[in-house]
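Coordinate-derived values only; no laboratory data. Owing to the predicted nature of the structure, the values given are computational and were not obtained by experimental measurement. All Cβ positions, glycine included, derive from the backbone under ideal geometry; neighbour counts span all protein chains shown.
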Ligand SMILES: [Zn+2]
Ligand SMILES: [Zn+2]
């Protein structure tokens, strides 16, 4: 069991199985919402324990696919916990318990700012791994 929460603690969740994958997305959108390094969680292993009514959802504009969730009190990015995907990303920063994972790959490296060096050996993709 791993616990996670937003900055103010209004939203809390638990996952019953450790996430299987961690990656970093360097696209401008993930960067701006503060969700660049994320893990994938399976919905059936996920349980929201607090703050359902504190979750705000930002629906994607045309041309973008992913719903973004936030705590409406503190603004913490919560990935797609408010969506309905069977497996979905949660920012690694939201976890209070340690994650026994390291970044498997970097995506959208073409959009990465120069001030952020990549300091690990994980694979790098200019764009989405599937479209490379
Ligand atoms: Zn909060
Ligand atoms: Zn992204």
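Tabulated data
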| item | result |
| --- | --- |
| Burial order of peptide ranges 75-86, 119-130, 100-111 (average beta-carbon count within 10 Å, highest first) | 75-86, 100-111, 119-130 |
| Highest-fluctuation residue, 90, 118, 57 considered, GNM on the chain with Cα pairs under 10 Å | 118 |
| FRET efficiency for residue 17 and residue 59, using Cβ-Cβ distance with R0 set to 25 Å, rounded to 0.05 | 0.30 |
| Cα centroid of the range 1-63 to Cα centroid of the range 110-132, whole Å | 21 Å |
| Added length on full extension, which subtracts the Cα-Cα distance from 0.36 nm per residue, residue 49 to residue 115 | 20.0 nm |
| Mean Cα-pair separation over length for the chain, i.e. relative contact order, pairs under 8 Å, 6 or more apart, % | 28 percent |
| Cα-based convex hull volume of the range 2-131 per residue, rounded to whole Å³ | 115 Å³ |
